[in-house]
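Below: one structure, written as structure tokens.
The values are calculated or read from the model by the stated rules, or taken from the named source; none is laboratory data. Everything numeric in this text was worked out from a predicted model, so none of it was measured. Quick reminder, even Gly has a Cβ in these numbers, built from the backbone with ideal geometry, and neighbours come from all protein chains shown. Only protein heavy atoms, including side chains, enter the accessible area calculation; ligands, DNA and RNA are left aside. Shrake-Rupley method; radii C 1.70, N 1.55, O 1.52, S 1.80 Å.
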Amino acid sequence: MAEPLLIAIAAVFFLAGFVKGVIGLGLPTVAMGLLAVSMPPAHALAIVIVPAIITNIWQTFVGPYLRDITRRLWPLMAGTAIGIWCSAGLMTGPYARYGTIVLGVLLVIYAIIGLSKFNFHVAPANEKWVGGIVGLITGVVSAATGVQVIPSMPFMQAIGMEKDELVQALGVFFTVATVALAFNLTSAGLLTAATALPGAVAMAGAFTGMFIGQAVRSRLEPEAFRRWFLIAMILLGIYLAGTAGYEVMH
């Protein structure tokens, strides 16, 4: 792989790790969005997958809520895994060229939801069946784009998880989802030894950015940083959807 591309990958993952270090999430979303500027989503996901799994496993075990998270979110996680496995061809099949458009639209939706702070509530009695349906939808979306935050993250907020529990829950959920995606990529022949070097570069960049982000978290106003991050995601999403849509029409 060309050296300039490896440098670009390191820079992308440093930024994505920095965002994750400051606000606790966003590594796969930022990395997928930026890498999709220069490569198909399936190839971007092959680079994102290993750093995402490792950073999410780390996040999974930082906190005391693992048992409660598993009890409440198992339908969401099972539904997501099933949705991913049943939609395995979306990112690599005949509809793959639309993946960047969908990814761009999802980035815009994700950012608008975050900026609007739209809240809704799911009653405890409905958590399981709603979670299963949300999981299936998330799985299909994830299989097509590599992004797992829509509609799973609004659902986790809707069931009333507190901040620290939500951060750990995101780690648990994203670990399950990215492992399921790894099976899809392996079956499609995209997760091979050739992705080892860019994956290692990505991981080094992600951890460096994450530790620096955590170190400066106390000096930044997290809410202001989050707001500008979401605005940047809207602009990136519009750019991706617009350029990919232009290429599809021509």
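Restricting region 208-221 to residues that are open to solvent by 50 Å² or more (accessible area, probe 1.4 Å) and part of a helix (DSSP H, G or I) leaves a set whose member that is modelled with the highest pLDDT is 208.
In summary, helices (runs of 4 or more DSSP H) completely within region 94-178 and bearing 3 or more residues that are among the small types (Gly, Ala, Ser) and either over 24 Å from residue 191 (Cα atoms) or touching a residue at least 12 places away in the same chain (Cβ under 8 Å) (or both) occur at 99-116, 127-145. Taking first residues from region 192-211 that are touching a residue at least 24 places away in the same chain (Cβ under 8 Å) and within 12 Å of residue 12 (Cβ to Cβ) and partners that are open to solvent by 50 Å² or more (accessible area, probe 1.4 Å) and not in a helix (DSSP H, G or I), the Cβ contacts under 8 Å between residues at least 6 apart in sequence or on separate chains come to 198/1.
Every condition in (1) of a type outside the set (A, V, I, L, M); (2) over 13 Å from the mean Cα position of the chain (by Cα); (3) within 18 Å of residue 6 (Cβ to Cβ); (4) open to solvent by less than 10 Å² (accessible area, probe 1.4 Å) is met by residue 21 except one, and the failing one is (3).
Of the residues contained in region 70-92, one or more are found to be within 25 Å of residue 244 (Cβ to Cβ), open to solvent by 50 Å² or more (accessible area, probe 1.4 Å) and in contact with a Leu (Cβ under 9 Å, 6 or more places away or on another chain).
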